[in-house]
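Here's the structure we're looking at; comments come further down.
The values are calculated or read from the model by the stated rules, or taken from the named source; none is laboratory data. Owing to the predicted nature of the structure, the values given are computational and were not obtained by experimental measurement. No Cβ is skipped: glycine too gets one built from the backbone with ideal geometry, and neighbour counts run over all protein chains shown.
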Amino acid sequence: MPVTADQPGPYAPASAIIGLIERHRNKGLPSPVDADVLGRAGISPSLIPRTMQSLIGLDLITDDGQPSGVLEGLRLAPESEYKQRVAEWLTGAYADALQFVDPATDDEVKIRDAFRSYKPVGQQPRMVTLFGALFAYAGIAPERVRPPAPRARTALPPKPRAANASQPKPRDQRGGAHGQTLDTGLPPALAGMVASLVAEGPEWSAERRDEFFKAFRGLVDFCFPVGAAKAAPAQTTEEKGL
């Protein structure tokens, strides 16, 4: 019987319907065709109910699961006539929708409109997909390949920056190195240079020592310029003990 709006429309995946037709044509399906047979034929459990309903709605099996005369005719058709037999089957099965749409020339929007009165309403997009794929299989309609849905790009967190060993270690607010605290009252440059002795270790070479003292002498002269010595203040009589 043809697919009409008075009964649930077929909306199984086209790959399942076509696969079962070809399996019966090449190997034969056990009778009756039930959930167990569909499961062994590779139909996933979630798709078995809609596939069974579609097989019955498309007149491929009877209500009790027996292969219909249509399915047997497709199995017995010579290869040269096979596509023609498929087209004849679809023309009869979809006679109602074909009054309003031509799958060979109409676009998907017009085909979708032809199925708007079919039930269940929420499955109409799948009905349209099955309709188009079956007619494409028969060589009547062009194959419509839908582009994959674009994937949402997930922003990746910034990679942590690797610590640079060549960067100097932070000093505290008073100029100390290696996390040590200096409270000498010296100018920061001198205090920092004195603190750098910690990094030298318990021993150092004579050459390194001479370089340090040379640099240290220059820094001292810079921080404390050489000038005339200040005269000591004169002592009072009381200070002299008189």
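Answer yes if at least one residue in segment 34-43 is basic (Lys, Arg) and surrounded by 13 or more Cβ atoms within 10 Å (Cβ to Cβ), and no otherwise. No; the residues of segment 34-43 include none that is basic (Lys, Arg) and surrounded by 13 or more Cβ atoms within 10 Å (Cβ to Cβ).
Yes/no per residue for (1) touching a strand residue (DSSP E or B) at 6+ places or on another chain (Cβ under 8 Å); (2) in a loop (DSSP other than H, G, I, E, B); (3) among the charged types (D, E, K, R):
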{"position": "Pro2", "(1), (2), (3)": "no, yes, no"}
{"position": "Leu20", "(1), (2), (3)": "no, no, no"}
{"position": "Leu29", "(1), (2), (3)": "yes, yes, no"}
{"position": "Val33", "(1), (2), (3)": "yes, yes, no"}
{"position": "Ile48", "(1), (2), (3)": "no, no, no"}
{"position": "Asp59", "(1), (2), (3)": "no, yes, yes"}
{"position": "Asp63", "(1), (2), (3)": "no, yes, yes"}
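Pairing residues of segment 4-32 that are farther than 16 Å from Ile43 by Cα with residues that are among the hydroxyl-bearing types (Ser, Thr, Tyr) and part of a loop (DSSP other than H, G, I, E, B), at Cβ distances under 6 Å and at least 6 apart in sequence or on separate chains, gives Ala5/Ser117; Ala5/Tyr118; Gly9/Tyr118. Return the residue satisfying two criteria in turn: it lies in segment 93-139 and is among the polar types (S, T, N, Q) and loosely packed, with under 13 Cβ neighbours inside 10 Å, and of such residues it is farthest from Leu60 (Cα to Cα). Filtering segment 93-139 for residues that are among the polar types (S, T, N, Q) and loosely packed, with under 13 Cβ neighbours inside 10 Å, the one farthest from Leu60 (Cα to Cα) comes out as Thr105.
Regarding Phe131, is this residue within 18 Å of Gln53 (Cα to Cα) and either modelled with pLDDT of 95 or more or part of a loop (DSSP other than H, G, I, E, B) (or both)? Yes; evaluated as a whole, the condition is true for this residue.
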